[in-house]
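J.: One structure, as structure tokens, below. Some questions next.
The values are calculated or read from the model by the stated rules, or taken from the named source; none is laboratory data. Remember, predicted model here, so these are calculated numbers, not experimental data. Ideal geometry is used to build each Cβ from the backbone, glycine not excepted, and the neighbour counts take in all protein chains shown. Each accessible area value is taken on the protein alone, full model and side chains, heavy atoms only, with ligands, DNA and RNA left out. Shrake-Rupley method; radii C 1.70, N 1.55, O 1.52, S 1.80 Å.
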Amino acid sequence: MMEEQRYVLELQHISKEYSGNPVLQDVSLTVKKGQIYALMGENGAGKSTLMNILFGMPVIHSTGGFTGTIKISGEEVNFLSPHDAMEAGIGMVHQEFMLIPGFTIAENIKVGREDTLPTLPSRVFGPDLERLNRPKMNADARVALDNIGLDISEETKVAGLPVGYMQFVEIAREIDKKNIKLLVFDEPTAVLTESEADQLLKVMQSLAAKGIAIIFITHRLSEVMQVADYMTVLRDGELVASKAIADTSAVEIAELMVGRAIEKLVDDDKNTKVSTEQNEVALSVKDLYVDMPGETARGVTFEVKSGEIFGIGGLAGQGKVGIPNGLMGMFSSHGDVEIFGEKLNFTKLGNALSKGLAFVSEDRRGVGLLLEESIAHNIMFGAMTTKRDYLSNFGITKLLSAGRMNRHAKDMIKLLDIRCVGGGQRVGALSGGNQQKVCLASALTMKPRILVVSEPTRGIDIGAKKLIMEYLAHLRQEEGLTIIMISSELAELRSICDRIAIVSDGKIEDILAPDASDAQFGLAMSAAAQNSEVS
Amino acid sequence: MERALGALKQGAKDFGLPRIIILAFFFILLLAAALVGMDIPWLISDVLLRWGMWGILVLAMVPSIRSGIGPNFGVAIGIAGGLLGALVSIELRYFGFLGTLDPDGITFGLVSISLAVLLALAFSSLLGILYGLLLNRVKGNEMIVSTYVGFSFVALFNILWLLLPFRSSTSIWPIAGQGLRTTINLVDDFGRVLNNLFRVEIGNFIIPTSLLLTVLLFCFVIWVFNKSRYGMVMTAAGSNPEYAKARGINVNRARIVGTTISTALAGVGIVMFSQGLGFLQLYNAPMWMGFSSVAAVLIGGATVKRAAIFNVLLGTLLFQGILTVALPVANELVPEGNLSEILRLIISNGIILYALSKARGGSK
């Protein structure tokens, strides 16, 4: 029994599915008193779902609940709302701040739990009319602020505080709750500057020293290495590994996050790797800076040869996704980029497109497709706008040629095995995998010289995944198309790419051959973490 | 049998329940009109006339919705431009621009209205560009902003109507010798020209052929534009700006183009409206025309994100049809004093409210 008590939180065999899709499978973890427990994993690995279950969020109950048990300090609990979780001593520091701008820091810390003094009306009409005990509230707030080393008056209004301070006010609010046992930090450093992040980590350590257990959700390896005691990696809803930080290394964690038993996605006979070293340079990128929030590229340099499949990998948030988005002009960027020797003009919208670069975006529904339009319309649209294809003469103007559009859509549907009722079906009604095939068909219809595919297999089923990968290999082999593929799935990159660049901290850390060892990839991916360990 | 029933069900779903209800209401009104002994052919003629008069004003909603600014509540801006165009055309006639054309001949009428339309297009397009630039600064709040910009334009033009140096005796107050009248008779200009050209009369039933053809012509032009490259580009920019950006489309420019076409159509629309009425209505008359136009297109099945020509034609017919039939029926049923006017307001605003609440509509 005493042994049990050591754990503040025990999650046992937690499983959850959303309308038949398992998002968490048999995940168990235990957090001790005063421990900093890092919860890691790529986007969509199931971290948020796990936390929603812990807090009894309504979204969990309205979608059929979950299986498994939750114990707080050895007692089984079943939270029906976040309020229950709060009562039991669990707090959350949100990624987006939940503060009231017009209130002072003290008021924000105490909101919902105000100290009050009785007044004459309150004696008659009940406690709702009691007045605030401001001196006590301010004093309590001061204690909480001092605890986290925030040197700012508790009577300052929250509106206008720097972002970093707001984060600390959130923490102060949580630790002011008297019985707080467990605090969840959901990617707290994502919006902070480096020095603010450092201070936050220190605060976490001092809180842990006071006996509060902390669950620390983050992508950043360096932070985990710096403060965490224990870590768990989730991947596609499954627990990959749980290890004490002392027994592991940044390199190993990076491997755990991306590596998995390599499944053969493309058969070798379908992807004969030819030497492209003698070929001309298709794309040359020098010192590319892309200001994409969360995926900033800071001085990327690489060259891709014609006819090559070039992979770009790395952990989330390191900047790999920023590279294609910057090239396509989605975010402000600068640098020297040449496409088949022609200089790319970043100030001219659509310049990369007209130079023969086609892009399949990682944000399928947001950027990749017109969800309300038909499959055929989506497929022809890019070629229609950039190349003025699929138009036929109509008096003084040119109109869409529905016949050619539909014939081409039919070919593409057959070629890529898009499962649909026909070319006229609304794209929004398709499954993720089939939507992705439409995106690919649309990019190919533009007859690009270089095809850039960003996260082509995110969120799609294995069948569609295999088909898309095989088709990419086929395009290169049969048509000599140059392909740049950005992916979080190292296994995928390794199964078709000729060379793989690993992006870390916004820069290319290393360019590796697909058959380089897991350790080498792990080393490159965790480079930023190791650098900060040394410094 | 089963399949036919299925197809029918799907067809009804595409058409949309709100439209079926409104259509049923329209027929019930017609039935009521017949029961109280009203002249049905005459009523239907009036519905057709109003359909033609409002058609282009409602058509103005299509480019604005497709370009992403939503229903153009600010058609008053285009209307102001259109009125200015019509007024200048009157002025030109007054100073002898039309030369020796026979004032009673058909050529005179056609030249007169073409002139008014061209001038309306010019003035409204200019205002539309400025209006588009403004709307690009208030992204996300277009509907409310455009409503109030429309109101402000009405106020601004109220001042201009008093100050602009028009001289034509048809337009200005005869005694004061300056300032434009509240209603200007178009009998010497293009009043009812298109109503009467190639008019088909069968007893009391009248079809304003040329007016309807003109509306259909403008619908066709917009339909062609929608199928053209830039039309599709504009639609994409409107329905998903990020998608458009990734394909090298200048979203702001597409929005300005959409707003400008919409405003220009509103200018033409008010010329057609005045033509059908036989009068120009200045000052506060355009204030609420935006709401009627928006309501009509929404009733026709458009949403704030999608609109097609079909929505315009059906919506205008239903909206104006109900208003036209409801008023005399209400008059017959409640002859006492002001009640019928109140009833009319309840019905017209009720349809607008219903249209706005059902803004999702069918898929066509």
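J.: Choose one of A:Val124, A:Met137, A:Gly149: the residue whose Cα lies farthest towards the positive end of the charge dipole of region A:86-151 (beta-carbon charges +1 Lys, Arg; -1 Asp, Glu; about the Cα centre).
T.: Working it through, the farthest residue towards the positive pole turns out to be A:Val124.
J.: Taking the protein assembly as shown as the region of interest, what is the percent of Cα-Cα pairs per 20 angstrom bin, listed from the shortest bin to the one with the maximum distance?
T.: 12, 33, 32, 19, 4, 0
J.: So for region A:98-175, averaging the separation of alpha carbon pairs under 8 Å that are six or more residues apart and normalising by length, what relative contact order in percent results? Don't skip to the answer; put the middle values down first.
T.: Values: 95 pairs, mean separation 33.9, N = 78.
Answer for region A:98-175 is 43 percent.
J.: From the phi of every residue in region A:489-496, what ³J(HN,Hα) in whole Hz does the Karplus formula 6.51 cos²θ - 1.76 cosθ + 1.60 yield, where θ is phi - 60° and glycine or proline is x?
T.: Each residue of region A:489-496 in turn: 8, 4, 4, 5, 4, 5, 7, 10 Hz.
J.: If you don't mind, another one. Check A:Ile486: other-chain or 5+ apart residues with amide H under 5 Å from its amide H, H built from backbone geometry?
T.: For A:Ile486, whose amide H was placed from the backbone, the distant partners under 5 Å are A:Ile312, A:Val453, A:Ser454, A:Glu455.
J.: Less than 14 Å Cβ to Cβ from B:Gly52, Lys/Arg counted +1 and Asp/Glu -1: what total charge do the surrounding residues give? Intermediate results must be reported in sequence, preceding the final value.
T.: Details: positive: B:Arg50, B:Arg192, B:Arg199; negative: B:Asp46.
Combined, the nearby Lys, Arg, Asp and Glu give +2.
J.: To the nearest whole number, what is the average tally of beta carbon atoms from other chains within 10 Å of the beta carbons of peptide B:247-253?
T.: Details: counts 14, 12, 5, 2, 1, 0, 1.
Taking all residues of B:247-253 together, the mean is 5.
J.: Please compute the net charge surrounding A:Ser122, taking Lys and Arg as +1 and Asp and Glu as -1 over other residues with Cβ under 11 Å from its Cβ. Before the final figure, lay out the partial values.
T.: On the way: positive: A:Arg123, A:Arg131; negative: A:Asp128, A:Glu130.
Every neighbour counted, the sum reads 0.
J.: Also: Can you compute the modelled spin-label distance between B:Phe97 and A:Thr347, with each label point 7 Å from Cα toward Cβ, in nm?
T.: 4.2
J.: Another question about this same structure. So, R0 is 25 Å and r is the distance between the beta-carbons of B:Asn250 and A:Lys398; what FRET efficiency does that work out to, to 0.05? Don't skip to the answer; put the middle values down first.
T.: On the way: r = 20 Å, r/R0 = 0.79.
The pair B:Asn250/A:Lys398 has a calculated efficiency of 0.80.
J.: Further question on the same structure: State to the nearest 20 debye the size of the charge dipole of region B:186-295 about its Cα centre, where the only charges are +1 on K and R beta carbons and -1 on D and E beta carbons. Please report the intermediate quantities before stating the final value.
T.: Numbers: 8 positive and 4 negative charges, 121 e Å.
Roughly 580 debye for region B:186-295.
J.: Then there's this: How many angstrom lie between the Cα centre of region B:143-163 and the Cα centre of region B:199-229?
T.: Using only Cα atoms, the two centres lie 30 Å from each other.
J.: Still on this structure: Counting only heavy atoms of the protein chains, get the accessible area per residue of region B:82-238 (1.4 Å probe) and round it to a whole Å² value. Don't jump to the answer; show the numbers that get you there.
T.: Details: 7860 Å² over 157 residues.
In whole numbers, region B:82-238 has 50 Å² accessible per residue.
J.: Here's something else I'd like to know. What does a probe at B:Asp188 reach in region B:279-307, counting residues whose amide N is under 16 Å from the point 7 Å along Cα→Cβ?
T.: Under 16 Å, as judged by backbone N against the label point of B:Asp188, lie B:279-280 of region B:279-307.
J.: If r is the Cβ-Cβ distance from A:Phe340 to A:Glu277 and R0 is 22 Å, what FRET efficiency results, to the nearest 0.05? It would help to have the intermediate numbers written out before the result.
T.: Working: r = 17 Å, r/R0 = 0.78.
The computed FRET efficiency comes out at 0.80.
J.: List the accessible area buried at the contact between A and B, summed over both sides and calculated with a 1.4 Å probe, in Å² to the nearest 100.
T.: On the way: alone 24070 and 17280 Å², together 39250 Å².
Chains A and B together bury approximately 2100 Å².
J.: How large a share of the accessible area of the protein assembly as shown, in percent, is made up of carbon and sulfur atoms when the probe is 1.4 Å and the other protein chains stay in place?
T.: Details: 22860 of 39250 Å².
So the carbon and sulfur contribution to the accessible surface is 58 percent.
J.: Taking each residue of B:237-244 in turn, how many C-beta atoms of other protein chains fall within 10 Å of its C-beta, and what is the average? Please list the in-between numbers first.
T.: On the way: counts 0, 0, 4, 9, 1, 6, 13, 6.
Whole-number average of other-chain Cβ neighbours for B:237-244 is 5.
J.: Sorted by packing (mean other beta-carbon atoms within 10 Å per residue), highest first, where do B:260-270, A:287-297 land? It would help to have the intermediate numbers written out before the result.
T.: Working: B:260-270: 29.9, A:287-297: 18.6.
The densest-packed peptide leads the list: B:260-270, A:287-297.
J.: Hey, another quick one. Counting only other chains, and only Cβ atoms inside 10 Å, what mean value do you get across the residues of B:222-231? Before the final figure, lay out the partial values.
T.: Details: counts 0, 1, 5, 2, 2, 8, 6, 10, 2, 3.
Average neighbour count from other chains, rounded to a whole number: 4.
J.: Taking amide H positions as placed 1.01 Å from N in the peptide plane, with prolines and chain starts having none, which residues 5 or more places from A:Glu509, or on another chain, fall under 5 Å of its amide H?
T.: The list, which skips near neighbours in sequence, is A:Ile502, A:Val503, A:Ser504.
J.: Can you compute the modelled spin-label distance between B:Glu341 and A:Ser28, with each label point 7 Å from Cα toward Cβ, in nm?
T.: Placing both labels 7 Å along Cα→Cβ, they lie 8.1 nm apart.
J.: With a sphere of radius 11 Å drawn around the Cβ of A:Leu416, what net charge do the other residues whose Cβ falls strictly inside it have (Lys, Arg +1; Asp, Glu -1)? Mind dumping the intermediate values first?
T.: On the way: positive: A:Lys414, A:Arg419, A:Lys437; negative: A:Asp411, A:Asp417, A:Glu470.
Taking every other residue near A:Leu416 into account, the sum is 0.
J.: How big is the dipole moment of the protein assembly as shown about its Cα centre under a simple scheme where the beta carbon of each Lys and Arg is +1, that of each Asp and Glu is -1, and everything else is neutral? Debye, nearest 20, please. Before the final figure, lay out the partial values.
T.: Details: 80 positive and 86 negative charges, 603 e Å.
Once rounded to the nearest 20, the dipole reads 2900 debye.
J.: Additional query: Compute the FRET efficiency between A:Glu303 and A:Asp236 as 1/(1 + (r/R0)^6), taking r as their Cβ-Cβ distance and R0 = 41 Å, and round to the nearest 0.05. Intermediate results must be reported in sequence, preceding the final value.
T.: On the way: r = 34 Å, r/R0 = 0.82.
With a Förster radius of 41 Å, E is 0.75.
J.: From Cα pairs below 8 angstrom and at least 6 apart in sequence, can you work out the relative contact order of chain A, rounded to a whole percent? Present the calculation step by step, with values, prior to reporting the outcome.
T.: Values: 1079 pairs, mean separation 80.1, N = 535.
Relative contact order of chain A: 15 percent.
J.: Go through B:Gly300, B:Thr214, B:Leu29 and say which Cα lies farthest out towards the positive end of the charge dipole of the protein assembly as shown; charges sit on Cβ, +1 for Lys and Arg, -1 for Asp and Glu.
T.: Among B:Gly300, B:Thr214, B:Leu29, the one farthest towards the positive end of the dipole of the protein assembly as shown is B:Thr214.
J.: Could you give the angle, 0 to 90 degrees to the nearest 10, between helix A:163-176's Cα long axis and the longest principal axis of the Cα atoms of chain A?
T.: 40
J.: At a threshold of 8 angstrom on Cα-Cα distance, excluding pairs fewer than six apart, so keeping six or more, what relative contact order does chain B reach in percent? Before the final figure, lay out the partial values.
T.: Working: 641 pairs, mean separation 116.0, N = 364.
For chain B, the relative contact order is 32 percent.
J.: According to a simple spin-label model (label point 7 Å from Cα along Cα-to-Cβ), what is the distance in nm between B:Asn284 and A:Asn179?
T.: Going by the 7 Å Cα→Cβ label model, 6.4 nm.
J.: Using the Karplus equation 6.51 cos²θ - 1.76 cosθ + 1.60 (θ = phi - 60°), what ³J(HN,Hα) coupling, rounded to whole Hz, does each residue of region A:498-504 give in order, writing x for Gly and Pro?
T.: 7, 9, 10, 8, 9, 9, 9
J.: Run the numbers for A:Leu80 and A:Lys136: contour at 0.36 nm per residue of separation, minus the present Cα-Cα distance, in nm.
T.: Values: separation 56, 0.36 × 56 = 20.16 nm, distance 3.20 nm.
Length difference between fully extended and current span is 17.0 nm.
J.: Here's something else I'd like to know. What dipole magnitude, in Debye to the nearest 20, does chain A give about its Cα centre under +1 on Lys/Arg Cβ and -1 on Asp/Glu Cβ? Don't jump to the answer; show the numbers that get you there.
T.: Working: 55 positive and 71 negative charges, 333 e Å.
Roughly 1600 debye, rounded to the nearest 20.
J.: Which whole-Hz ³J(HN,Hα) couplings does region A:12-17 yield from phi under the Karplus relation 6.51 cos²θ - 1.76 cosθ + 1.60, θ = phi - 60°, glycine and proline marked x?
T.: 10, 6, 7, 10, 8, 10
J.: Also, quick follow-up: Kirkwood Rh and Cα-based Rg: tell me the resulting Rg over Rh for region B:16-358, rounded to two decimals.
T.: On the way: Rg = 20.2 Å, Rh = 20.7 Å.
In region B:16-358, Rg relative to Rh is 0.98.
J.: Let me ask something else about it. Return one whole number: the accessible area per residue of chain A in Å², for a 1.4 Å probe. Intermediate results must be reported in sequence, preceding the final value.
T.: On the way: 23020 Å² over 535 residues.
Here the per-residue accessible area is 43 Å².
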